[in-house]
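Q: Okay, handing you the structure first.
The values are calculated or read from the model by the stated rules, or taken from the named source; none is laboratory data. A quick note: this is a predicted structure, and the numbers were derived from the prediction, not measured. Note: ideal-geometry Cβ built from the backbone for every residue, glycine included; neighbour counts use all protein chains shown. We work out accessible area using only protein heavy atoms, side chains counted, and drop any ligands, DNA or RNA first. Shrake-Rupley method; radii C 1.70, N 1.55, O 1.52, S 1.80 Å.
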Amino acid sequence: MVKNSFISVIPKEEKNKGSVEFQVINFTNKIQRLTSHFELHRKDYLSQVGLRKILGKRQRLLAYLSKKNRVRYKKLIDQLDIREPKIR
């Protein structure tokens, strides 16, 4: 199942469910699950709204992490293979 695909990426000491890394990984799993859901159900607009909310939450968490600890941010971006947003 897709749910546990990235959880194993976090080391044992980092499996704190309140940590930013865990939350970002959890949101990434939800995003992947929803995008695969949209391949079958293109007109599921309510789920699209939920996806946009999850994307915004993940974006805010990543912005927070990049301000607080740039090394952990870069490591997480590399692990999840998420491209870094352009800074204007």
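Q: Looking at region 21-65, which chymotrypsin sites (Phe, Trp or Tyr not before Pro) are DSSP coil and have at most 13 other C-beta atoms within 10 Å of their C-beta?
A: Hits after loop and neighbour filter: nothing returned.
Q: While we're on this one: Rank these residues by their accessible area, most exposed first, probe 1.4 Å: Val20, Val71, Val49.
A: Heavy-atom accessible area, descending, gives Val71, Val49, Val20.
Q: For the pair Arg33/Lys68, report the inter-label distance in nm, with labels modelled 7 Å from Cα in the Cβ direction.
A: Between Arg33 and Lys68, the simple spin-label model gives 2.4 nm.
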